[in-house]
Amino acid sequence: MSTGALAGYADWPAFLAGAPAFVPVDADQRGIAADGAAMDGAASDRRALVEVLGVRAATAADVRVEREWVVDDVRGRLLSWSLGFGPRTHAYLLEPAEHDGDLPGVLALHAHGGVRSTGAEQLVDTGRAPHPSAARLRARGYAGRTPANDLARSGFAVLATDAFSWGSRAFDLSSPPDVLERLGAAFDALHRERGETLSDEERFDELSALHEYGLAKAAGALGTSFAGAVATDDLAALEVLAEWPGVDAARLGAIGFSGGGGRALFVAALDGRIAASVVSGMMATSASLIPDYLDTHSWLLHSPGLASRFDLPDLAALGRRVLVQYGEHDELFPPQGMRDADARLRALLGDRYTGAWHDAGHEFTAAMQDEARAYLARMLRA
């Protein structure tokens, strides 16, 4: 393995060698009502999920407030912390500018989007001009809105964090390994032939999409998985949110669209403090995705060994309450696979499951965002 394959993460192998496996959190371990989620075998299923994904325990250290602002009745803070490997994580903590008492907390998880030059900023209005990639993703997937700000304005403390390998946590591809360099050169030639000119961030995003394959190989060789590395970061972020002053750790939620929905699925399955989650544009039966939809999705969804142990609806069943939003015309998921997942979730979860179908493609429409926000308000404000 060339040094360039892990540039910016040279300390990752040592971290993985020394870090213990994440210990799943059952709701009743934290004095939280289980809401019927403590089913026979659930604890062993959570442990199996940790093993399949290779999720490690990581703790955010040296948490700093880098900047503060207020925009449209939302107070924002740019946070950073170290997980002991790779670059420092950047995250956005948002809350109502004026409020009384502790707030329910929501972990807002950004999409994959084929874009790594930005991460959580796609969800957040910081009062400054957004990164070009964040602006494009908002327009393409979020109806031009910033869902994290909307949640904060509605009375939540919201933490939106860059995922492993995105934004502040991206790998350094300035001197890519040989294979990636050759692939990048081939794409450069193709763009020249087509008369296309890519911005620096667009070229980085293209290289990063290619790098994900090598990154997934490296993760497997090191005893984890790409999805497990992302979950390791997300669970550490959840702990930051739960311990933040003014956040009620008994009322925590998670929300995500597309790849962010997959991240919400894993976090809610592994940490029982998540009282309610929203999974938007990221649900079908696992069998329906193979083989025709393998190239449609990233290593976040197609983690080695996952489908042989868990169907995607079964992962949702490990959580406490979940809203799953389906797009009737979502081109990334087969219609029958979505319908079968909906039926299985109704059978598995009963009234702990809410399935909602929308006249939408692969997008988190304004109506879906409003529905998700209202759902979290009902579930977390009681």
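The values are calculated or read from the model by the stated rules, or taken from the named source; none is laboratory data. In this text, all values refer to a predicted model and were calculated from it rather than measured experimentally. Reconstructed Cβ throughout: ideal geometry from the backbone, glycine too, with neighbour counts over all protein chains shown. Heavy atoms of the whole protein, side chains included, go into the accessibility calculation; ligands, DNA and RNA do not. Shrake-Rupley method; radii C 1.70, N 1.55, O 1.52, S 1.80 Å.
Data table
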quantity: Counted charge near residue 153, where neighbours are those whose Cβ lies closer than 9 Å (Asp, Glu -1; Lys, Arg +1); calculated: -3
quantity: Per DSSP, loop GluC sites (Glu not before Pro) in the range 85-185 with at most 14 further Cβ within 10 Å; calculated: 98
quantity: Sequence-distant residues sharing a close amide H with residue 248 (under 5 Å, placed H); calculated: 103, 105
quantity: Two-decimal log10 I(q)/I(0) for the chain, as the Debye equation yields it once each C-alpha is a single scatterer, q = 0.08, 0.09, 0.10, 0.11 Å⁻¹; calculated: -0.37, -0.47, -0.59, -0.73
quantity: DSSP beta bridges in the chain [antiparallel fraction, %, rounded to 5]; calculated: 45 percent
quantity: For residue 357, solvent-accessible area (1.4 Å; no DNA, RNA or ligand), Å²; calculated: 80 Å²
quantity: Residues with amide H under 5 Å from that of residue 56, placed H, sequence gap 5 or more; calculated: 22, 232
quantity: Computed [θ] at 222 nm, helices only, for the chain once each DSSP H run of length n ≥ 4 contributes -39500 (n - 2.57); calculated: -11500 deg cm²/dmol
quantity: Heavy-atom accessible area order for 110, 302, largest first, 1.4 Å probe; calculated: 302, 110
quantity: Backbone HN-Hα couplings from phi across the range 164-171 [Karplus 6.51/-1.76/1.60, Hz, Gly and Pro as x]; calculated: 3, 6, 10, x, 5, 9, 6, 7
